[in-house]
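Written out below as structure tokens is the structure these notes cover.
Read-outs: derived from the displayed coordinates by stated rules, not from any lab. Because the structure is predicted, anything quoted here is derived from the model rather than measured. Glycine also receives a Cβ, built like all others from the backbone with ideal geometry; neighbour counts cover every protein chain displayed.
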């Protein structure tokens, strides 16, 4: 049985996992959907009530029915490297590839439908609340007056994007920033704005969850104005830390509700030791944490991909993230 990894060519994080899979003797096929059609080819036959499908990449042919697991890591958009790319060809290639893979019995990390839903930050915040994770007071609004009233109740605020990185080429990370006390919020009318009570943090927490395994890392906070750990000083290292039992229980419930096999959680730890939920990235990086802490995250991912467990039934379509 083969592990299929969907990711771009230059993905060091995926490389780390492939090393462990190769060492374990587990067959691996790695491809980028951006190379379909071209360097990647596929075929699927639906005859007499049965399906036979195959993928070919780098001279290797793999049966879709022979896939053990599929890791959707950082795949490119289908057909973007085709000789004559077009929106139509991208849609055709995407439907063909992911439609065939959805019909396999492979385990997913993470299933495309669950991953698409899990990217919505407002949905994340509500699911986190339902699971018992502390969430800072948050407002997402395009009403300037609502923003002004929220700022009166919570004078110390940060503003962050609802969707994440700005989709320019290459994508640009939009930093979380503190809101000035004299802000009038008129510009809120031009687009949904996410305002959140700033957590006076003593540390940032990155909790990487692979299946049922939880690996947490802690980075002591620097200056008081430092609100976005992505732009924090590299002089302060990440260090392995324990996961509080209540957090572990709530995070496990979150992953069940989100139907995710992998999640990279970001928390802000306050002076009382409370971990405040900020977000969960369903395809978040972990290489930098492993390098600094020595935590075996890549091995945990490889072990999950290589294990023979069955894929749980999915309730993504029509599901509301109810904790089960």
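If you take the Cα Rg of segment 137-198 and divide it by 2.2 N^0.38 Å, with N the number of residues, what do you get? It would help to have the intermediate numbers written out before the result.
On the way: Rg = 11.9 Å, N = 62, 2.2 N^0.38 = 10.6 Å.
The reported ratio for this selection is 1.13.
Using R₀ = 45 Å, calculate the FRET efficiency as 1/(1 + (r/R₀)^6) where r is the Cβ-Cβ separation of residue 288 and residue 92; round to 0.05.
Details: r = 37 Å, r/R0 = 0.82.
The calculated FRET efficiency here is 0.75.
If you rank 120, 48 by fewest surrounding Cβ atoms within 10 Å, what's the result? Walk me through the numbers before you get to the answer.
Details: 120 14, 48 5.
Sorted ascending by nearby Cβ count, the order is 48, 120.
How much length is gained on full extension from residue 183 to residue 307, taking 0.36 nm per residue of separation minus their Cα-Cα distance? Could you put the intermediate results ahead of the total?
Values: separation 124, 0.36 × 124 = 44.64 nm, distance 5.29 nm.
Gain on stretching residue 183 to residue 307: 39.4 nm.
Could I get the Rg over Rh figure for segment 49-104? Both from C-alpha atoms, Rh via Kirkwood, rounded to two places. Mind showing how you got there, number by number?
Values: Rg = 12.5 Å, Rh = 12.7 Å.
Taking Rh as the inverse mean 1/r over Cα pairs, Rg/Rh reads 0.98.
I need the calculated FRET efficiency for the pair residue 54 and residue 202, taking r as the beta carbon distance and R₀ as 56 Å, to the nearest 0.05.
Details: r = 54 Å, r/R0 = 0.96.
After rounding to 0.05, the efficiency reads 0.55.
Measuring from centroid to centroid over Cα atoms, what is the spacing of segment 258-303 and segment 58-136 in Å?
20 Å
Considering segment 1-71, what Rg and Dmax in Å follow from its alpha-carbon atoms?
13.0, 43
Using the Cα atoms of segment 57-177, I'd like the radius of gyration and the largest Cα-Cα distance, Dmax, both in angstrom.
Cα-based Rg and Dmax for segment 57-177 come out at 20.2, 62 Å.
What distance in nm lies between label points placed 7 Å from Cα along the C-beta direction at residue 162 and residue 15?
Between residue 162 and residue 15, the simple spin-label model gives 3.8 nm.
Would you mind classifying segment 1-131 by shape? Square roots of the alpha carbon gyration tensor eigenvalues, ordered a ≥ b ≥ c; an a/c under 1.5 is rounded, otherwise it is prolate if a/b is larger than b/c and oblate if not. All intermediate terms of the calculation are to be shown ahead of the outcome.
Numbers: a/c = 1.39, a/b = 1.23, b/c = 1.13.
It comes out rounded by the Cα gyration axes.
Order 204-214, 7-17 from most to least packed using the mean count of other Cβ atoms within 10 Å. If you can, show how the numbers build up before the last one.
Working: 204-214: 20.5, 7-17: 16.9.
So the order, starting with the most tightly packed, is 204-214, 7-17.
What ranking do 57-65, 256-264 get when scored by the average of other Cβ atoms within 10 Å per residue, highest first?
Details: 57-65: 14.1, 256-264: 21.9.
Going by the mean number of other Cβ atoms within 10 Å, highest first, we get 256-264, 57-65.
Give me 111, 54 ranked fewest to most by other Cβ atoms within 10 Å of their Cβ, as a rough exposure proxy. If you can, show how the numbers build up before the last one.
Working: 111 24, 54 16.
Ascending number of Cβ neighbours within 10 Å: 54, 111.
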